[in-house]
Amino acid sequence: MAVEQFAKRDFKPGLVEQRQSFRPVEIRYQIDIGCIPDSRSSRTGAEQEQAVDTAALQFGLVLTKLSYDLFLLHNCIIVNSIPWERLLTWSSGPMATQPSAFLTPEQYLEIERKAEYKSEYFNGEMFAMAGAKEAHNLLVANLVAAIHRQIRERPCRVYPSDMRVHVKSTGLYTYPDVTGLCGERLFVDGQTDTLLNPGLIVEVLSPSTEAYDRGRKFEQYQSIGSLREYLLVASDRIHVDLYTRQPDDRWLLTSVNRLEDSLALDSVGARLVLSDLYEKVVFTE
């Protein structure tokens, strides 16, 4: 189907038809059909054109010559019924139409395991994660190193932020900055990339995530039966909060803010000294 002919087609009821001032933009939410750049695609030009026509019809957006060229430029293939994290859609200004579709956890994992960028998952949606500053990365590295030194001879493990954690009771899939446990590891499946039973979870705080990490996210973490300690590390000053689960399921808060201070992380049998945690960390405004 020619691009000019496609632009005159009727669209599904309820979808917005846009006809001018198109520009490609990236969005982080999922929709019915996504475009995956794939250098191995063996589609002919006619097959790619038909695939692009189908995708644009699903989007409910007019396919312009610009957008069609972008699909071909990226040598894309269209994956039916599988939403994708990084996709192209088109807007005509601030009131851009951005359709979304509900993702099952199975669809999320299939997409996430192939994605170039990490995304969290909750309530049927994927949320792309932003990059971290130097202080954040150093704190994660220092913490993993400090714990690892102390657990090498025991059946305990500590993971950096690439280990995904699933909160079964709420459906959340997320990437804590550091995760630790001792004993048996339980995973969602045989891929061993999604942990179910962390004993320790650590989040390094930033201005954009602190409220969430202290509030709603902590509420969800508390429903993980294996979780014994939740550590929050400030990245703009020397300050660490440790929440420890009590036998009656209450959480005891211990706060420290001096380099000579230390905290016992009983869930992994380690002691964290703040001078080790904040080594080489430079605070910036």
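Please treat every number below as a calculation from the coordinates, not as lab data. Nothing here was measured: the structure is a model prediction, and the numbers come from that model. A quick note on method: Cβ atoms are made from the backbone with ideal geometry, for glycine too, and the neighbour counts reach across all protein chains shown.
Annotations
- Each Lys or Arg adds one and each Asp or Glu subtracts one; over the other residues with Cβ under 13 Å from the Cβ of H166, this totals -2.
- Neighbours of L265 by Cβ distance under 12 Å: Lys/Arg scored +1, Asp/Glu scored -1, total 0.
- In sequence order, calculated HN-Hα J values of the range 273-285 (Karplus, 6.51, -1.76, 1.60; Hz; x Gly/Pro): 9, 5, 5, 6, 5, 9, 4, 6, 7, 10, 7, 10, 6
- Taking 23 Å as the limit for the C-alpha separation, the pairs K168/K217; K133/K168; K217/K280; K133/K217; K118/K217 exceed it in the case of K133/K168; K217/K280.
- Cβ-based net charge around K217, under 13 Å, with every Lys or Arg adding one and every Asp or Glu removing one: -4
- Cα-based shape type of the range 117-193, given that a ≥ b ≥ c are square roots of the gyration tensor eigenvalues and the cut on a/c is 1.5: oblate
- 5 angstrom amide H check on G199, placed H, neighbours 5+ away: G180, L181, C182
- For R164, residues with placed amide H under 5 Å, excluding near neighbours: L195
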